[in-house]
1. Compute a Gaussian network model of the chain, connecting alpha carbons closer than 10 Å, and tell me which residue from 277, 251, 353 fluctuates the most.
2. Could you tell me what percent of the DSSP beta bridges with both partners in the chain are antiparallel, to the nearest 5?
3. Please work out the Cα center distance from the range 237-305 to the range 162-206, rounded to the nearest Å.
4. Between 0 and 90 degrees, rounded to the nearest ten: what's the tilt of helix 65-76 against the longest Cα principal axis of the chain?
5. Rounded, prolate or oblate for the range 201-275? Axes are the square roots of the Cα gyration tensor eigenvalues, ordered a ≥ b ≥ c, and the cut-off for rounded is a/c under 1.5.
6. I need the P(r) histogram for the range 10-62: all alpha carbon pairs, bin width 10 Å from 0 out to the longest distance, whole percents.
7. When the helix-only estimate is applied to the chain (DSSP H runs of n ≥ 4, each -39,500 (n - 2.57), divided by the residue count), what is the mean residue ellipticity at 222 nm, nearest 500 deg cm²/dmol?
8. Give the distance, in whole Å, between the Cα centre of the range 39-63 and the Cα centre of the range 64-112.
Ligand code: PLP
């Protein structure tokens, strides 16, 4: 098996640093080997640094980001609990659906796709009713919008609710301060700004969330039982399930690289890359969908110009240049492209490549010379050199 080398500029997964790929081929340890527990402890430390928290209950689940959504909600929600979700995109709606499947009474506070949810609307929805969780998506990958979080902890706590925040496309690419912003439950995924392969979900629970989890009266999901998982990671190491050992090696190495680069420097790298991207996109007449104040740095959404066929452009980028970007989801399907600049994929070189490739494909389409194009398509394996 030799999958072709791509340049991953969709909103995840991202390209993976060669040093992270290398550790994937290290010998597999047993899940109760003391050496593996020391790797887990290192991951816990690296995650606390990245989430900017002191929370003891900080770990990585063997699941994708959706598993973290489910784990966070499942550990605190009981049937009938009221959950307020700020919904202005696909992933916030997923949070609402998961909470509903857990039997919660879900109140959606909506905003048009392309804007953040209004804090005043959230305050009104919290109202006087007793609410268990206020759930927000920090970076809505489906729209490229950043939801401001700074006052949200205070707002939730004034109403007796826990604050749950999705940082799947933001952690390690944009500032996320779990303790300073009073976030009770926060999660992310391994495959975006962390730039490890997909398959691990990163979770941190603060004191209030731990208390709520311990006070529950109804049984919790077995697979996502965070108390049992905490015992396996940090307690007497009692077996719960077999973790994906090799992915934890990769995560440990990815977190080491984040520490080596420095969080502040990494955040600045992401900011600068998007500035350059927007500049070069403007030169070829491509406009961002989101207003500057609400723009998510790590995923840029771009309007598809009138008369341009979404799918054929993306197919040409992939087939001719090995570059992956994605299209819109839901109501934005066919109307936008989503370009991710995250983690190892967030490089100036990639910004130059994607904008030059877009320019070439768009002008080929304009001239109607798609077929006649010298076809930049490289010979079979040569694309690996990219
Ligand atoms: N939340 C957000 C904001 C996401 O962008 C994604 C995935 O793109 C998820 C949750 C779900 O993560 P996964 O696809 O790893 O299950």
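1. 353
2. Taking every DSSP beta bridge within the chain, about 50 percent pair in antiparallel fashion.
3. Going from one Cα centre to the other spans 12 Å.
4. Once rounded, the angle reads 20 degrees.
5. Prolate, because a/c is 1.5 or more and a/b exceeds b/c.
6. Spelled out bin by bin, the range 10-62 gives 19, 40, 36, 4 percent.
7. Value at 222 nm, helices only: -12500 deg cm²/dmol.
8. Computed from Cα coordinates, the inter-centre distance equals 23 Å.
No lab work stands behind these numbers, since they all come straight from the coordinates. What you see is a predicted model; the values in this text were computed from it and never measured. Note that each Cβ is placed from the backbone with ideal geometry, even for glycine, and that neighbours are counted across all protein chains shown.
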